[in-house]
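**Student:** I'd like to ask you about the structure that follows.
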Amino acid sequence: MNFQQLLAIIPLVERVASFQESHTVDCPDNGHALLVVRQGHVTVAYPDQEPIVCSQGFACHPLYAPYRIEVPKTKEAEYVIIRYRVLPDHSLWMLHGPLSTVSEAKIRYMLDELLRTIPLLDGLSEDAAALQRFKMRAMLERVLFIFLYESRFRNKRTSAADAIDETLSYINEHYMNKLTLPLLAERAGMSEGHYTVLFKKHTGMTMTAYLRKLRIEKASIMLRQTRLSAKEVAQRTGFSDYFHFSRVFKQEEGLSPTAYQQSRSQI
């Protein structure tokens, strides 16, 4: 998929709907659909393919339909389906598969506008409705542009797995500093939602849990191998609050930091 194709076609919005439950997307001839996840993540399944976890966007093409959008049973999710067709009829428009973006706020704004406008069309005059449909077309083109541009930019980078690995190395080297989800997601070139899903898939735990576990492991080593006080160890492993450090340490190791240090010094 490239910008030459986007330049040659006119996408016309037909329907826009928001869902929180699982849903099947059919794509009749020349009918396309754009899935945009607003909250959480969903799984996209279609014939003869392994299901794909989607936390941002997915382009549905009539050649591969139907698509089954599954919401996790134990998680909440919200997503929008934009159904559209392209002109001229039967134009070469092969957009299909996962899409990514770091401009979620921009896309969310346009989705809100599309969802707000669709119900109003039936009550408008012919000229007013035409104006709103033109506005909707412009918003859809903008959404497609953002997804195409930013997905292409991401594909020029290393793979998603490599990006996660790079941030893991960064965490291991800078665990003593203040590390936040926005900082790490930006470093990986992903949105926070996308990074969260991939991080857990890659490591089996959330970023917060991983960082906490790493810091406690480093603190345990310092308590065993140095004469630093427990408060100094807390500061050197990224805990600004000693009481929080003590509570977390005891949850992980079964002893308070001071008791742990004393028990090791007696061995």
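**Student:** Going through the range 244-266 one residue at a time, which ones are of a type outside the set (S, T, N, Q) and out of contact with any helix residue (DSSP H, G or I) (no Cβ under 9 Å at 6 or more places or on another chain)?
**Tutor:** The one that is of a type outside the set (S, T, N, Q) and out of contact with any helix residue (DSSP H, G or I) (no Cβ under 9 Å at 6 or more places or on another chain): R247.
**Student:** While we're here: Given the conditions (1) closer than 24 Å to L181 by Cβ; (2) surrounded by 14 or more Cβ atoms within 10 Å (Cβ to Cβ); (3) among the hydrophobic types (A, V, I, L, M, F, W, C); (4) out of contact with any helix residue (DSSP H, G or I) (no Cβ under 9 Å at 6 or more places or on another chain), which single one is not true for L115?
**Tutor:** With respect to (1) closer than 24 Å to L181 by Cβ; (2) surrounded by 14 or more Cβ atoms within 10 Å (Cβ to Cβ); (3) among the hydrophobic types (A, V, I, L, M, F, W, C); (4) out of contact with any helix residue (DSSP H, G or I) (no Cβ under 9 Å at 6 or more places or on another chain), L115 is out only on (1).
**Student:** Restricting to the range 193-215, count the residues that are within 29 Å of R152 (Cα to Cα), of a type outside the set (A, V, I, L, M, F, W, C) and touching a residue at least 40 places away in the same chain (Cβ under 8 Å). Give the steps one after another, and end with the answer.
**Tutor:** In the first step, residues of the range 193-215 are kept if they are within 29 Å of R152 (Cα to Cα); the result is 193-207.
Those left that are additionally of a type outside the set (A, V, I, L, M, F, W, C): 193-196, 200-204, 206.
Still in the running and touching a residue at least 40 places away in the same chain (Cβ under 8 Å): 193-194, 196, 201-202.
Matching residues across the range 193-215 total 5.
**Student:** Further question on the same structure: From the list R247, R187, exactly one residue is outside the structural domain of P98 (by TED's automatic domain parsing) and over 24 Å from V53 (Cα atoms). Which is it?
**Tutor:** R247
**Student:** What do you reckon, is Y109 exposed (fewer than 15 other Cβ atoms within 10 Å of the Cβ), within 13 Å of R38 (Cα to Cα) and of a type in the set (S, T, Y)?
**Tutor:** Yes: the conditions hold for Y109.
**Student:** I'd like the full set of residues that are part of a helix (DSSP H, G or I) and hydrophobic (A, V, I, L, M, F, W, C), limited to the range 232-267.
**Tutor:** Across the range 232-267, the qualifying residues are V233, A234, F243, F245, V248, F249, A259.
**Student:** Moving on. Just give me the residues in the range 218-231 being surrounded by fewer than 14 Cβ atoms within 10 Å (Cβ to Cβ) and in a helix (DSSP H, G or I), in sequence order.
**Tutor:** I221, R224, Q225
**Student:** Filter the range 172-181 for residues that are part of a helix (DSSP H, G or I) and either in contact with a Phe, Trp or Tyr (Cβ under 6 Å, 6 or more places away or on another chain) or not acidic (D, E) (or both) and give the result.
**Tutor:** N172, H174, L181
**Student:** Here's something else I'd like to know. If the requirement is being outside any helix (DSSP H, G or I), of a type in the set (G, A, S) and either exposed (fewer than 12 other Cβ atoms within 10 Å of the Cβ) or in contact (Cβ under 8 Å) with a residue 40 or more places away in the chain (or both), which of these qualifies: S91, S169?
**Tutor:** Step by step, each of S91, S169 is checked, and only S91 is outside any helix (DSSP H, G or I), of a type in the set (G, A, S) and either exposed (fewer than 12 other Cβ atoms within 10 Å of the Cβ) or in contact (Cβ under 8 Å) with a residue 40 or more places away in the chain (or both).
**Student:** Which of the residues spanning the range 103-155 are closer than 18 Å to A185 by Cβ and in a helix (DSSP H, G or I)?
**Tutor:** Scanning the range 103-155 gives E104, A105, K106, I107, R108, I146, F147, E150, S151, F153, R154, N155.
**Student:** When you go through (1) touching a Gly at 6+ places or on another chain (Cβ under 9 Å); (2) surrounded by fewer than 19 Cβ atoms within 10 Å (Cβ to Cβ); (3) among the basic types (K, R) one by one for R68, which number turns out not to apply?
**Tutor:** With (1) touching a Gly at 6+ places or on another chain (Cβ under 9 Å); (2) surrounded by fewer than 19 Cβ atoms within 10 Å (Cβ to Cβ); (3) among the basic types (K, R) applied to R68, the lone miss is (1).
The values are calculated or read from the model by the stated rules, or taken from the named source; none is laboratory data. Predicted model only: the values in this text are computed from it and were never measured. Here the Cβ is made from the backbone with ideal geometry for all residues, glycine too, and neighbour counts use every protein chain on show.
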